[in-house]
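> Encoded as structure tokens, here's the structure I'll be asking about.
The values are calculated or read from the model by the stated rules, or taken from the named source; none is laboratory data. Keep in mind that this is a model prediction, so the values were computed, not measured. All Cβ positions, even for glycine, are placed from backbone atoms using ideal geometry, and neighbour counts span all protein chains on display. Note: accessible area is taken over every heavy atom of the protein model, side chains too, but ligands, DNA and RNA are not part of it. Shrake-Rupley method; radii C 1.70, N 1.55, O 1.52, S 1.80 Å.
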Amino acid sequence: MNIPQTSFPRVVIIGGGFAGLAAAKGLEEQELQVILIDKHNYHTFQPLLYQVATGGLEPDSIAFPLRKLFNDVENFYFRLAEVQKINPQKKIVETSIGNLEYDELIIATGSKTNFFGNTNIQKYTMEMKSIPQSLNIRSLILENFEEALLTSNIEERNALMNFIIVGGGPTGVELAGALAEMKKGILPKDYPDLDIRKMQINLIQSSDCILKGMSAKASEKAEDFLINLGVNVWKNLRVLDYDGKIVTTSGQDHFKAETVIWAAGVKGEMINGLHAECVIERAARIKVNEYNQVLSHPNIYAIGDVACMASEEKPYGHPMMAQPAIQQGRLVAKNILAKLFNKTLKAFVYNDKGSMATIGRNKAVVDLPKWKFQGVFAWFVWMFVHLFSLIGFRNKAIVFLNWVYNYIRFDRETRLIIRPYKNKNSFSFKDNH
């Protein structure tokens, strides 16, 4: 890997997401050699992926080069590679570009889409966990309308204009709201020779409420917002199968649709090499103690979505969201430094700062620890928090200007088919990388 030898302890971080970056930032300018490994050379601000998918933002406005973040940091190295396995006994990380020894290892690989073992659903539905996948969704949405213009078969046209979103969490809700706004103000102008009123947006949730992790008031209000925007909200309905044309559900309702977006669950992005007793197989998460140390491996830490710190209060670990990941990353950095100086480690205590979701223009729900509110003010709070959380002044400026322009003009300028997604000879091909 062309990493110089040093007398400093070597800390290897796998993953440049929220957790990995928080840990790396906490280890800056210390007497350590820090090596960050990721399969992409950029950090993705995942909460805004749905805006890339619906033409509201370009991908470079929610991504930031990892090397640029640490340009002036001594003893820091980034390597573009895919980690294949870790060897805890030899303290070695095996990657696509070679092996690397470590003194302390931080696993911050994040999460990936959970299809719950259904191969058909995995094959034919769209997922939205990365920028390439969001661009695929954007292309597919626009290509479907181009195809709908050309077909004289009414059933086929309706299927092309029927969108199924599986999963009523923040991702599904925000995506459904964005599509509804496209239907209301943008697509009728782009496709005047199509009856856009026939476009259907169906949000399917297996439980009895959407935004299950938020308050009952937020869930009810979000559902009202979606229904007023024209979204069909289906609750207590599970998607059992999808063959590329027909969505089969647990109820009497089946849907003919060319586009199904799967936002129904995530699981940890696991790395081979840890013993079975260290892993929760169902959720693909790594068991950690209160210091985020992997069980039986005090020099290996797991943080963020891939880590499960089970307790009486949280038997399934912390929510797989940005805030727990950032807080764990910061604390692990402090604990590694404390460990090197023979100081006492500090146990992780999650500071729940609340949760929020936007449903569209002037519509959002916010749950803070002591205050819950919905509507226009919640929407401005949502925008401010997300804008502030973006990395880099340029990204903040571009996103802000895009939002102002979109709000004034009720438009989304980036509805471009940069790279076609559909294949002429088959239903579609997928880029999952």
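> Which of the residues that make up the stretch 251-282 are free of Cβ contacts under 8 Å to residues at least 40 places away in the same chain and within 30 Å of residue 233 (Cβ to Cβ)?
251, 252, 253, 254, 282
> Within the stretch 14-31, how many residues turn out to be touching a His at 6+ places or on another chain (Cβ under 7 Å) and in a helix (DSSP H, G or I)?
Selection size over the stretch 14-31: 1.
> Let me ask something else about it. Kindly indicate whether residue 8 is aromatic (Phe, Trp, Tyr), open to solvent by 20 Å² or more (accessible area, probe 1.4 Å), in contact with an Asp or Glu (Cβ under 8 Å, 6 or more places away or on another chain) and not in a helix (DSSP H, G or I).
Taking the combined requirement at face value, the residue satisfies it.
> Among the residues of the stretch 241-248, is there at least one that is farther than 30 Å from residue 50 by Cβ, part of a loop (DSSP other than H, G, I, E, B) and open to solvent by 40 Å² or more (accessible area, probe 1.4 Å)?
For the stretch 241-248, residues farther than 30 Å from residue 50 by Cβ, part of a loop (DSSP other than H, G, I, E, B) and open to solvent by 40 Å² or more (accessible area, probe 1.4 Å): absent.
> Need the failing condition index for residue 203 against (1) open to solvent by less than 20 Å² (accessible area, probe 1.4 Å); (2) outside any helix (DSSP H, G or I); (3) in contact (Cβ under 8 Å) with a residue 60 or more places away in the chain; (4) not hydroxyl-bearing (Ser, Thr, Tyr), just the number.
Evaluating residue 203 over (1) open to solvent by less than 20 Å² (accessible area, probe 1.4 Å); (2) outside any helix (DSSP H, G or I); (3) in contact (Cβ under 8 Å) with a residue 60 or more places away in the chain; (4) not hydroxyl-bearing (Ser, Thr, Tyr) leaves (3) as the failure.
> Output the number of the condition that residue 175 fails; it satisfies all remaining conditions of (1) over 25 Å from the mean Cα position of the chain (by Cα); (2) within 13 Å of residue 51 (Cα to Cα).
Every condition holds for residue 175 apart from (1).
> All but one of (1) surrounded by 14 or more Cβ atoms within 10 Å (Cβ to Cβ); (2) within 23 Å of the chain's Cα centre (by Cα); (3) assigned to a helix (DSSP H, G or I); (4) modelled with pLDDT of 95 or more hold for residue 402; which doesn't?
Going through (1) surrounded by 14 or more Cβ atoms within 10 Å (Cβ to Cβ); (2) within 23 Å of the chain's Cα centre (by Cα); (3) assigned to a helix (DSSP H, G or I); (4) modelled with pLDDT of 95 or more one by one, residue 402 breaks only (4).
> Go through the stretch 357-377 and count every residue that is part of a loop (DSSP other than H, G, I, E, B) and aromatic (Phe, Trp, Tyr).
Going through the stretch 357-377 one residue at a time, the tally reaches 1.
> I'm told residue 35 meets every condition in (1) of a type in the set (A, V, I, L, M, F, W, C); (2) in contact with a helix residue (DSSP H, G or I) (Cβ under 8 Å, 6 or more places away or on another chain); (3) in contact (Cβ under 8 Å) with a residue 60 or more places away in the chain; (4) more than 30 Å from residue 185 (Cβ to Cβ) except one. Can you identify the failing condition by its number?
Status for residue 35: all satisfied but (2).
> Looking at (1) assigned to a loop (DSSP other than H, G, I, E, B); (2) farther than 30 Å from residue 294 by Cα; (3) of a type outside the set (A, V, I, L, M, F, W, C); (4) open to solvent by 20 Å² or more (accessible area, probe 1.4 Å), which one does residue 117 not meet, given that it meets all the others?
Exception for residue 117: condition (2).
> What residue, of 343, 363, 370, is free of Cβ contacts under 8 Å to residues at least 12 places away in the same chain and farther than 30 Å from residue 302 by Cα?
370
> Please enumerate the residues belonging to the stretch 113-145 that are free of Cβ contacts under 8 Å to residues at least 60 places away in the same chain and under 22 Å from residue 56 (Cα atoms).
145
> Okay, next question. With the structure loaded, tell me whether residue 265 is touching a Ser or Thr at 6+ places or on another chain (Cβ under 9 Å), under 18 Å from residue 161 (Cα atoms) and surrounded by fewer than 20 Cβ atoms within 10 Å (Cβ to Cβ) or whether it fails that test.
Against the criterion (touching a Ser or Thr at 6+ places or on another chain (Cβ under 9 Å), under 18 Å from residue 161 (Cα atoms) and surrounded by fewer than 20 Cβ atoms within 10 Å (Cβ to Cβ)), residue 265 does not qualify.
> Quick one: is residue 112 basic (Lys, Arg), closer than 26 Å to residue 320 by Cβ, open to solvent by 20 Å² or more (accessible area, probe 1.4 Å) and not in a helix (DSSP H, G or I)?
yes
> While we're on this one: Identify the residue in the stretch 373-392 that is touching a residue at least 60 places away in the same chain (Cβ under 8 Å) and within 20 Å of the chain's Cα centre (by Cα) and, among all such residues, is nearest to residue 50 (Cα to Cα).
Restricting to residues being touching a residue at least 60 places away in the same chain (Cβ under 8 Å) and within 20 Å of the chain's Cα centre (by Cα), the top hit is 386.
> Now for a separate question. Checking residue 43 against (1) modelled with pLDDT under 95; (2) not in a loop (DSSP other than H, G, I, E, B): exactly one of these is not met. Which one?
Among (1) modelled with pLDDT under 95; (2) not in a loop (DSSP other than H, G, I, E, B), residue 43 violates only (1).
Conditions (1) under 22 Å from the mean Cα position of the chain (by Cα); (2) part of a helix (DSSP H, G or I); (3) surrounded by fewer than 23 Cβ atoms within 10 Å (Cβ to Cβ), marked per residue:
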| position | (1), (2), (3) |
| --- | --- |
| 299 | no, no, yes |
| 316 | yes, no, yes |
| 329 | yes, yes, no |
| 347 | no, no, yes |
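> Something else now. Considering only the stretch 108-127, state which residues are aliphatic (A, V, I, L, M) and touching a helix residue (DSSP H, G or I) at 6+ places or on another chain (Cβ under 6 Å).
Listed by number, the residues that qualify are 108, 126.
> How many residues are over 15 Å from residue 109 (Cα atoms) and either part of a loop (DSSP other than H, G, I, E, B) or open to solvent by 60 Å² or more (accessible area, probe 1.4 Å) (or both) if we restrict to the stretch 274-293?
8
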